[in-house]
Amino acid sequence: MDLSLVPLLAVLVSLIAVVPILLSSTKPNLREFWTILAAAIKFGLVLLLLPGALEGESVELHLVDLAPGLPLALKADPLGVFFAVIASGLWIFTSFYSIGYVRGAGEHKQTRYFASFAVCLSATIGIAFSANLLTFILFYEMLTVATYPLVIHNEKKEAVDAGRKYLAFTLTAGLLLVAASAMVYHYTGTIDFTPGGVFDGVELPHTAMLVLFIMFLGAVGVKAGIMPIHGWLPAAMAAPTPVSALLHAVAVVKSGVFAVLRVVGYVFGTDVMGDYNLNDILIILAGTTIILASLIAFNQDNLKRRLAYSTVGHLSYIVLGIALLTPIGMTGGIMHIAAHATMKITLFFCAGAIYVNLHRTEISNLNGIAKVMPWTMGSFAIGSMGLAGIPPINGFFSKWNLALGSLEGDMIIPVIVLVVSGLLNVGYFFPILYRAYFKPGEGLKKYGEASPLMVVPIVITAALSVLFGLFPNLFFNFFDLAVDISSTLFNNGSP
Amino acid sequence: MRDQFQSPIVLLGARLLSPYIMVFGWYVIIHGHYSPGGGFQGGALLAASLLLIRVAGGSKLAELQIQEFATTPLAVIGVVIYFATGLVAMAAGGYFLDYEALPIPGVEPDWLRYIGILIIEVGIGLAVMAILVMIYDNMVRGEDYA
Amino acid sequence: MLDFFFGHYAYWFVIILLCIGAYGILFKKNLIKKTIGLAILQISVVLYFVSIASKWDATVTVMDPDIPLDQVANYLNPLPHTLMLTAIVVGVATLGVAFTLLIAIYNRYETLDEEELIDKIQ
Amino acid sequence: MKALKILILVLFAGILIYASSDLPFRGDPDNLMHAEESITGTTVKGNYFIQNAYRDTRTPNMVTVVLGDYRSIDTFGEQVVIYTAGLITLLVLRRSRRRGK
Amino acid sequence: MIWELELIIYLFLALSAIVALEVKDLLVAVVMMTIFSFLMALLFVAMGAIDVGFTEAVIGAGVTGILFVVVVFQTSRKSND
Amino acid sequence: MIESHLPAYIALTFVLFSVLIPAFGLWRSELSHPIAVLGGGIAAGFSLFGFIDVINDGSIRYFFGGWEPPVGIEFVYDGLSAFFVLVINVVAFFVLIHSHHISKREFPGKEMPYYSLAMLMMLGFNGMIMTGDLFNLYVFLEIASLAGYALIAIGDRPAPYAAFRYLIIGTAGGTLYLLGVGFMYTVTGTLNIIDMAAMLPMLYESNAVFAALILMIVGIGVKAALFPMHGWLPDSYTYASSSSTALIAPIGTKVAAYILFRIILWLFGIEITDAVAPISYFVGVLACIGILYGSIMAIAQSEMKRMLAYSSISQIGYIIMGLSLANPWGFAGALLHVLNHAIMKACLFMISGQLRLKEGHSDISRFDDGYRKKYPWTMAYFTIAAISMIGLPPLAGFFSKWYLALGTIDNSNWLFLAVILISSLLNAVYFFRVLEKVYMMDPSKGQKEPTDAKRDEASASMLWPTGILAVSLIVIGFANAVIVGVLLDIFPM
């Protein structure tokens, strides 16, 4: 079976779905049918690529030349497939959940919402399958633009400000990416993603390499939420909750860390990173971010903002794992992409369900809600315990690998950071659970559980978190895939 | 122009002078091959002879001479004479304005060029005359901006 | 030194006239004065071209049967003269347009003073 | 603003004086534009016009020949410029026929 | 070329240009401008450019002069500088 | 046979139609517009044909009057001029189609001189691009400029004053250019560009040549609105009639930039340009200042046309920056930006004209989300053009910036690179501001519900040209590798 067109189709399917979504703007049921159909098809297409990826094969597709010698090229390599499976899989749940959410909350401009959502997913899959930096930039900017209407969705002043902030950060990042890519092209003559890096045989002065790396860091770090350029992320909490779930669990921030992985592993290469000591910067930034974000999360009373800062911290786990430059650490980082995605999406779904059901957003108002929303809060408990790193949930598994990886690299400080931040995670999640389960609630009589369209996705994602924690190779051989990917990055391209 | 200029003596002088200037203008155009002058100077003289009457006698008298609506077609005709000369040369197989290619039988190439220059000088003269009068007319009448 | 003077004094006068024209454009507030400055600037450039066309002891550009054509030093250079005929016409056309605009401006704002105009527009 | 204008004027005068110091002597028949041959060996326009104008067109006035023949497209452009000026007065000043209604 | 003659014309040229720019009555300025053009035409002829001189006399001193006068009468005659 | 006459055909088409329009227009004024569109279409067809011909068979030199240069005047129709001719004629064709309703509304009864002058302006621009003679260039420059002044003088109440300022500055610039040509002629004895370029390596040490270069750059820089000489542009573009602005803005400054290309890269060559002083770097710095200045001023404007006018100052800076880099990538980027910017600006100014026609104003502070409902297609096209202006892939605007960035890196010119990046951000600020107004409710006005506006789209003759230009931006974005491949062949070194 010829799979060469599959990556393209996987990218295009949701983009094409925009047309019927826009056309059926007056018929909500039909519109959402299109969304779910596109999500299902996309997931199926991505799964087609999975067997090949497990074998370590890549599917390449060259489309038109974007510039002389620089094609618009897609390449479904194992890492891309790994990311695409997560993104497209979780999109299905998000779609169902979105339907329940926007109808429950009575949101306006639902057509724009679903259309932007579809474009976002196309861009995300495009990012996953980009074969070179120029293609990557294309989808990266597309993601920026497509997310903007989602951030400003409710069009209140706060949301508009958040949208502007988001644009300011991400557009600057995009420009830095353009400049940095141009420099890489100038120095090496190629901007294809190559395992082991493109700087093979290119000698650059240390400062030049440092400047280049900092430019890349600024470019991809924004979406990855590395401090001090994380500012847009908590602000973007003004968006509807499914959007937050998508932004903070799947599409945008994961594209950011995915980009970090691409830059470190496929542009600079682990050897160059180590030779020029560039990973130290990354480790320091990531460690600081983890601790600081957890501390800030303590002070947030708004549930979504607390989750946002938790996201900032956990993204840096992944960055830390990448920066350790050890196979096991890298594996842990890659695994944490999946782990964090399932856990954090659960938590955001819960926050949205609470909002739609009870119209409560502050943590201090959540007393006793576990009695009215047992399924939701049960899932919330699983997700938060997972993020704190309690076995057997999948968060523990990736953290364990991260710790092993830092020990493998003879580094002790990352381990301390991990332990401290685990405790901090416990510190800011357990008060929520305590309030929900043990404090008496007020005025909750008339409420019940949220609509099944929302609860079912929540429970499934929570269950996935547990299942992946128990059996890392359960459905898609995720663990093996992560191990394969990280091994290709350390042996100069050959697995 | 304003009415205070309409003095009979000036008008008389202008009417006396105008035909001679006009004749001189045509002479300058035609004789441009042998002496200083040519289409532009001649056209300006022709225009001067017309403007003289207009300045001295006002618009009423001017209408007896060349009426306003006639200036635009005259200008167009002037441009077309020049343009058509070039086009005819082009149609006959030469370059644009290549007078040697003009399809006039029995004339040597150098004399063809002589004739070509003469034709275009007449075109220029006509256009310049018409346009200078046109500019004057439009300027005197002013703008009717609401 | 004297040679240098005879070779260059024409240029210096052209420069003086050019600067007078530029002065009119830059410093005069009245739009008609600006137009006069523009006219001076244009005619000065014409003067420059005409003065470079000259040769010592040469005759005008109409063929004289007594003066052989192959000794080009005997005739002035006709090319700058031709160019300047065109340039003068272009200058006149420009002035005509400027006058047209001046009348239109005066019709609308009843003034041709630049500062008053800017006040009235805002 | 005024200082800026004075600066512009001074700069303008300066660049012109700078240029004029190195211009060829006026009226010198050895100038490149009057010389027998240009430094790359191509025809010098002025000389060609003087020598060939009468032979090519039987017209003694060289300026007329250059204007009407050698550089006829220039003259055509010149005529178009004047034509443009005429149309401009028509456009800007002419009373529009429909406005009265 | 007679350089003494040229020099005198140059001086008058500069003089008339300055007067045309500095005088407050615009009609006078226009007349000075016409004189400027006429002197310029004279200078052209003195330099041997008879065609250019002829044109300048007809256009600069003639047609432009008329148009200038028309403009001054259509607008205002006074100038503040 | 027809190929060898192509340059003349392109220019003469405009002459023909500029006399045909009065000939028919005096009879029936409403015929002017279709005749003008016909003329524009024929010329665009010729230039497309010619461009393909030049790419395949090499450049064409056309000798007017049959006199070979340096005696006569020639039109040089090589890759660069064919490219520019194609860009301006095609864009002008669409703008001419678009201006039908605007001309009926904004200057009724004056269509005949208007369209005739539009033809003459195009003649001037085409002549400037194709001519191989420096003085002939001046003549065409004046034709184009005069027609341009007149087109600008039609419009709002202060339009004649804006046009008069443009006339004074522009004619002074033209005169400086002519003086520069005079110096060049004095030193070299020729006016033909190719002839002169062959002589300059032996003569460039003369002060006069250096001064001539400065005078020519300043004189043409006025027309190109290079930074300190941009003063005329914002007022002119704002007050002029919408159709005039749409016609002049995408074309006028580009042609002037083309002349700078010709002078600096072809006539002098980059070595001689920089022999006495680093002129090209200096021009590049001016362009950079212009980029930042134009972008910042555009942010401060609330009138859409004025905002676009300042944006033009900024965008012309990109083109001239690419010129000053004088390497293949910068050159390709600059030329690609000529194409992109011509299309984008034409599209945006046409949209502002549509809004003026429908709403009576184009004041951004009065835009609201009803516009999206009233003019869905117009606003969609506006979005495409705006995003392209910002430079987001895969739209065309991104790629010109990409090549310019490559060019700056090739020269290790980090200052210019930073300017490109910063100005892109500033572009984003002023375009997203408009998009926000149009696509969202306004929280600052306390608006809670979307306005219930009825659909009231502009007529097809306005919508189609805008749409085609907007879609072509996407096409150029994907096809830019082909275009750049052609452009890199044109580079003279």
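The values are calculated or read from the model by the stated rules, or taken from the named source; none is laboratory data. Just so we're clear, the structure is a prediction, and the values are computed from it rather than from any experiment. Counting neighbours? That spans all protein chains shown, and the Cβs are built from the backbone with ideal geometry, glycine included. Quick note on the areas: whole protein, heavy atoms, side chains included, nothing else; ligands and nucleic acids left out. Shrake-Rupley method; radii C 1.70, N 1.55, O 1.52, S 1.80 Å.
Karplus-derived 3J(HN,Hα) values for segment A:117-130, using 6.51 cos²θ - 1.76 cosθ + 1.60 with θ = phi - 60°, are 4, 5, 4, 4, 5, 4, 5, 5, 5, x, 4, 4, 9, 4 Hz; glycine and proline are entered as x.
Annotation: amide H of C:Tyr75 within the under-5 Å range of C:Thr59, sequence separation 5 or more or interchain, hydrogens built in the peptide plane.
Please tell me the relative contact order of segment A:6-490 in percent, rounded to the nearest whole number, where contacts are Cα pairs under 8 Å and at least six residues apart.
Reported as a whole number, the value is 15 percent.
Using the rule -39500 (n - 2.57) for each DSSP H run of four or more residues, divided by the residues of chain B, the 222 nm mean residue ellipticity is -26000 deg cm²/dmol. Sequentially through segment D:50-59, phi angles give Karplus couplings (6.51, -1.76, 1.60; θ = phi - 60°) of 5, 6, 10, 4, 5, 5, 6, 10, 6, 10 Hz, Gly and Pro residues having no value and appearing as x. Taking a ≥ b ≥ c as the square roots of the eigenvalues of the alpha carbon gyration tensor, segment C:2-121 is oblate, as a/c is not under 1.5 and a/b does not beat b/c.
Calculated mean residue ellipticity, 222 nm, chain F: -26000 deg cm²/dmol, from DSSP H runs (n ≥ 4) at -39500 (n - 2.57) each, averaged per residue and rounded to 500. By the gyration tensor of its Cα atoms, with a ≥ b ≥ c the square roots of the eigenvalues, what is the shape of segment F:316-493: rounded for a/c under 1.5, prolate for a/b over b/c, or oblate? Cα axes put segment F:316-493 in the prolate bin.
Buried area at the C:D interface is about 4300 square angstrom, summed over both chains, from accessible surfaces computed with a 1.4 angstrom probe.
For chain A, the solvent-accessible area works out to 32 Å² per residue, with a probe of 1.4 Å and every protein chain left in place. Mean residue ellipticity at 222 nm, helices only, chain A: -24000 deg cm²/dmol; runs of at least 4 DSSP H residues each add -39,500 (n - 2.57), and the sum is divided by the number of residues. Rounded to the nearest 0.05, the FRET efficiency derived from the C-beta distance between E:Phe12 and A:Ile36 at R0 = 60 Å is 0.05.
The amide H of F:Glu303, built 1.01 Å from its N in the peptide plane, has F:Ile364 as neighbours under 5 Å, considering only residues 5 or more places off or on other chains. When each full DSSP H helix of chain B is screened for a Cα extent of at least 15 Å along its own axis and an average Kyte-Doolittle hydropathy of at least 1.0, the helices passing are B:8-30, B:68-91, B:109-141. Among the residues of A:181-188, the average count of other protein chain beta-carbon atoms within 10 Å of the residue beta-carbon is 5.
Projecting label points 7 angstrom from Cα along Cα→Cβ for B:Val23 and B:Asp110 puts them 3.3 nm apart.
Accessible area of the protein assembly as shown with a 1.4 Å probe: how many percent of it is carbon plus sulfur? Roughly 66 percent of what the probe reaches on the protein assembly as shown is carbon or sulfur. Taking all Cα pairs closer than 8 Å and separated by 6 or more residues, the relative contact order of chain C comes to 24 percent. Each label was represented as a point 7 Å from its Cα along the Cα-to-Cβ direction; for F:Arg455 and A:Val19 these points are 1.8 nm apart. Can you give the accessible area buried between chains D and F, summed over both chains, with a 1.4 Å probe, in Å² to the nearest 100? Counting protein atoms only, the buried area is about 4500 Å². For the set A:Lys156/A:Lys344; A:Lys165/F:Lys305; A:Lys109/F:Lys373, the pairs lying more than 19 angstrom apart at their alpha carbons are A:Lys156/A:Lys344; A:Lys165/F:Lys305.
Working from label points 7 Å from Cα in the Cα-to-Cβ sense, the A:Phe471 to F:Leu26 distance is 9.4 nm.
Compute the label zone of A:Thr190 within segment A:234-275: residues whose backbone N is under 18 Å from the point 7 Å along Cα-to-Cβ. Under cut-off, by backbone N: A:262-273.
Helix A:133-151 sits at what angle to the longest principal axis of chain A, using alpha carbons and giving 0 to 90 degrees rounded to 10? So the helix axis and the longest Cα principal axis differ by about 20 degrees. Remark: mean inter-chain Cβ contacts per residue of F:186-198 equal 6, using a 10 Å Cβ-Cβ cutoff to other protein chain atoms. Excluding ligands, DNA and RNA, the accessible surface per residue across chain F is 25 Å² with a 1.4 Å probe.
Treating the angle as unsigned and between 0 and 90°, give the value, to the nearest 10°, between the Cα long axis of helix A:394-408 and the longest Cα principal axis of chain A. So the helix axis and the longest Cα principal axis differ by about 30 degrees. What residues in segment B:45-79 lose 20 Å² or more of accessible surface when the other protein chains are added to their chain alone (1.4 Å probe)? Relative to the lone chain, where solvent access is computed with a 1.4 Å probe, segment B:45-79 loses at least 20 Å² at B:Leu45, B:Leu51, B:Thr72, B:Val76, B:Val79. Between D and B, roughly 2900 Å² of accessible area is buried in total, ligands, DNA and RNA not counted and the probe set to 1.4 Å. For chain D, rounded, prolate or oblate, judged on the Cα gyration tensor with a ≥ b ≥ c (square roots of eigenvalues), a/c < 1.5 rounded, else prolate if a/b > b/c? In terms of gyration-tensor shape, oblate.
If R₀ is 25 angstrom, what is the calculated FRET efficiency for the pair F:Glu271 and D:Leu11, using the beta carbon separation as r and rounding to 0.05? My answer for the efficiency is 0.45. Angle between the Cα long axis of helix A:478-490 and the longest principal axis of chain A, 0 to 90 degrees, nearest 10? Roughly 30 degrees between the two axes.
Between the beta carbons of C:Glu110 and F:Trp464, assuming R0 = 41 Å, the FRET efficiency works out to 0.40 to the nearest 0.05.
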